[in-house]
Amino acid sequence: MGISKFRFLPSEENFFELFDEIAEILVNAAVCLHDLIVNYQDIDTKTKALRKMEKQVDKITDDICQRIYISFVTPIDREDIHALAARMDDVLDYIEASADRMKLYGIDKPRKEAEELAQVLVESTKLIQAGIFALNNYRDIETVLNPCIEINKLENQADQIQRRALARLFKEEADPLEIAKWQEIFSRLETATDRCEDVANIFESIVVKNA
Amino acid sequence: MIKLLPKQEVFFDLFEQQAETVNKGAQCLAELLKDFRNVEDVAFKLKATEHDGDEIAHEIMRKLNTTFVTPLDREDIHSLTSALDDILDYIETASDRMALYEIKEPTEASIKLSAILAKSTELTLQAVCGLRDMKNAKTIHEVCIEINRLENQGDQINRAALAELFKMIDKPVEALKWREIYGHIETAIDKCEEVAEIIEATLLKNA
């Protein structure tokens, strides 16, 4: 294509700003989750902060949906705009749910693999942010696909961490209730990384379709 | 009827290969549960099968990025290959957890669920093969309905199995292991349904 300045997300409707805002909140949420696990105190304040971020993203997502209806021209398909917002929202839902379960189940001290998984989430959400940036300052397919490849790698890494975490959990923990709680928390943390991969899949799908 | 270019046929070849690999994985899991031996070896073998599936999925994506005219909509090719990939991921995880949790013998429900999954992937393979020649839309549609029916059946077995598990008060840790494994097998069955939905949507679009 001979168009040098091409944007996938229509700027006139401020879609870019909105997606950028969501991406930034995702990074903040992952950092907050990581901090909650590493400095396991003020749990109430931290989980509340996460819930607030979740509400903010819900609101921005609604806003995006509204604007899809009123804009005549969207350079990418409406359903992609919608899917992107929905999948980014899912990432936050799982981040928030992970923190929430730790509080709800009265976890005394997070298991060490939770920190590793949260670290993966920090990196993955930063890559989502990079992907959004690349879509909006579109140069070539590679600049969008590279963060996607990295996100996929991180998802595999999270699989391995979860596997290790479960092996140790079933080996070392005697209390079945404790096992049940952590099995669920690890599953939510790992699913959050799966949802990051879903976002990456949408990035891929958008560039592939418009290639 | 437009004759497809040879280059486009490649997509169908790859889809069929991918669906065959998925089916191979599901048959392998079902056999393991019927004859529960060498769990670690089977889990290891399934890891290799999953890797094969990944390779085919990557090949499809590479082709997609370098092909100008595709036989199906680009996004449908993309979602079909990711959904097929997901099925195999869950099959692999199910077998991996059986090895990891040192499961000694299968439950009745796990045998049933894996048999349903094996049937679903067989039908999924059929539906995928049908894409090449959309003239048999009606047959493909029927196959997809059957995949849906199996998914409902899987749901019900899983639900009954969970109720059974929670009666295992003497072996709570075993119950927790199985609950997770059932979840993986059931999700694999769900993903077959997802493939069926994508294929049905594709048929409608290209009707």
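Values quoted throughout were computed directly from the atomic coordinates according to the rules given, and no laboratory measurement underlies them. In this text, all values refer to a predicted model and were calculated from it rather than measured experimentally. Cβ coordinates were reconstructed from backbone atoms using ideal geometry, including for glycine residues, and neighbour counts include every protein chain displayed.
Would you please name the trypsin sites (Lys or Arg not before Pro) within region B:78-128 that are DSSP coil residues with at most 12 other C-beta atoms within 10 Å of their C-beta? Show your work: numbers first, answer last.
Numbers: sites: B:97, B:104, B:112, B:119; in loops: B:104.
Here the sparse-neighbourhood loop sites are B:104.
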Q | Neighbourhood net charge (9 Å Cβ-Cβ; Lys/Arg +1, Asp/Glu -1) for residue A:148 | A | -3
Q.
Tell me the mean residue ellipticity at 222 nm calculated for the protein assembly as shown from its helices only (DSSP H runs of n ≥ 4, each -39500 (n - 2.57), averaged over every residue, nearest 500).
A. -29000 deg cm²/dmol
Q. When chain B is modelled as a GNM with alpha-carbon springs shorter than 10 Å, which of B:47, B:34, B:167 fluctuates the most?
A. B:167
**Q.** Distance from region A:13-45 to region B:51-113 (C-alpha centre basis), Å
**A.** 31 Å
**Q.** Ascending count of other beta-carbon atoms within 10 Å, so fewest first, for A:166, A:121
**A.** A:166, A:121
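May I ask you to list the GluC sites (Glu not before Pro) in region B:92-136 that are in a DSSP loop and have at most 12 other Cβ atoms within 10 Å of their Cβ?
Working: sites: B:92, B:102, B:108, B:122; in loops: B:102.
Of the GluC sites (Glu not before Pro), the ones in loops of region B:92-136 whose Cβ has at most 12 other Cβ atoms within 10 Å are B:102.
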Q: Percent of Cα-Cα pairs per 10 Å bin, from 0 to the last occupied bin, for the protein assembly as shown, please list those.
A: 4, 20, 28, 28, 15, 4, 0
Q) Once amide H atoms are built 1.01 Å from N in the peptide plane, which residues 5 or more positions from residue A:138, or in another chain, come under 5 Å H to H? A) A:6, A:8
**Q.** Helix axis angle, B:108-130 relative to chain B longest principal axis, alpha carbon, degrees
**A.** 0 degrees
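For chain A, with only Lys/Arg (+1) and Asp/Glu (-1) charged at the beta-carbon, what is the dipole magnitude about the Cα centre, in debye rounded to 20? It would help to have the intermediate numbers written out before the result.
On the way: 27 positive and 41 negative charges, 43 e Å.
In total the dipole reaches around 200 debye.
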Q: Among the chymotrypsin sites (Phe, Trp or Tyr not before Pro) in region A:65-155, which ones are in a DSSP loop with at most 11 other Cβ atoms within 10 Å of the Cβ? Mind listing them?
A: A:72
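List the relative contact order of chain A as a percent without decimals, with contacts defined as Cα pairs under 8 Å and 6+ residues apart.
Numbers: 235 pairs, mean separation 65.7, N = 211.
Over chain A, the number comes to 31 percent.
Give me A:112, A:181, A:153 sorted ascending by neighbouring Cβ count inside 10 Å, so fewest comes first.
Values: A:112 10, A:181 19, A:153 14.
Least to most surrounded, the residues fall as A:112, A:153, A:181.
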